[in-house]
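Structure first, then comments.
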Amino acid sequence: MSQKLGAMLPDLIRHFFRKPATVQYPFEKLELPKKFRGNPVMDPALCIGCQMCVRDCPSEAIEIHKESEATDEAGKVKRTFSMTFYMDRCAHCAQCEEVCPKKAIHLDSTFEHGAFDRGALKVVYK
């Protein structure tokens with residue numbers, strides 16, 4: 001037993017004076033990498049309803065619905081869309097962000113996705 005303690009003692013003393021290697025998570029937030037892919041976020045004003053994001057989503061986590069259609073005095077048709085993201089299905093692959101021609105979708109830096117109800121993971125943008 002004394003031989004094992006003698007072999008461990010230098011390591012024990014060396015590590016006693018170092019700062020901890022772990023992060024106290026809820027109290028200290030982690031530093032995220034630059035290209036971290038969090039939750040998809042939509043800007044409804046930019047969406048043209050092309051549904052390319054719906055087509056290319058591998059996990060079928062996006063739905064787009066036409067909300068209204070109006071014609072202004074110049075004769076231009078103005079459409080508004082709502083988008084539903086199902087975060088419980090989302091794979092955070094950023095495919096929707098890449099294919100959007102108007103850059104209406106971007107991924108934020110949210111990484112805390114816990115919820116007690118599946119309905120809380122459904123996000124609707126109008």
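The values are calculated or read from the model by the stated rules, or taken from the named source; none is laboratory data. Bear in mind the structure is a predicted one, so any value in this text is a computation, not a measurement. Heads up, the Cβs are rebuilt from the backbone with ideal geometry, glycines too, and the neighbour counts pull from every protein chain shown.
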Among residues of region 47-59 being of a type in the set (A, V, I, L, M, F, W, C) and part of a loop (DSSP other than H, G, I, E, B), the residue nearest to GLU97 (Cα to Cα) is CYS57
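Just checking, how many residues over region 31-46 are part of a loop (DSSP other than H, G, I, E, B) and in contact (Cβ under 8 Å) with a residue 60 or more places away in the chain?
Start the filter on region 31-46 by keeping residues that are part of a loop (DSSP other than H, G, I, E, B), which leaves 31-39, 43-46.
Keeping just the survivors that are in contact (Cβ under 8 Å) with a residue 60 or more places away in the chain gives 32, 36-39, 43-44.
Number of matching residues: 7.
Working carefully through the options ASP56, ASP88, find the one that is closer than 30 Å to GLU28 by Cβ, out of contact with any strand residue (DSSP E or B) (no Cβ under 6 Å at 6 or more places or on another chain) and of a type in the set (Asp, Glu). Write out each step before concluding.
Details: ASP56 fails: closer than 30 Å to GLU28 by Cβ.
Among ASP56, ASP88, only ASP88 is closer than 30 Å to GLU28 by Cβ, out of contact with any strand residue (DSSP E or B) (no Cβ under 6 Å at 6 or more places or on another chain) and of a type in the set (Asp, Glu).
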Taking region 61-91 and keeping only residues that are of a type outside the set (A, V, I, L, M), loosely packed, with under 10 Cβ neighbours inside 10 Å and in a loop (DSSP other than H, G, I, E, B), one is left with ASP72, GLU73, GLY75, LYS76
Which of (1) more than 22 Å from LYS126 (Cβ to Cβ); (2) free of Cβ contacts under 8 Å to residues at least 40 places away in the same chain; (3) touching a Pro at 6+ places or on another chain (Cβ under 7 Å) does PHE81 not meet, given it meets every other one? (1)
Show the residue pairs that are 6+ apart or on different chains and have beta-carbon atoms under 9 Å apart, the first residue being within region 97-126 and over 23 Å from ARG55 (Cβ atoms), the second being modelled with pLDDT under 90 and not β-branched (Val, Ile, Thr). SER109/LEU32; PHE111/LEU30; PHE111/LEU32
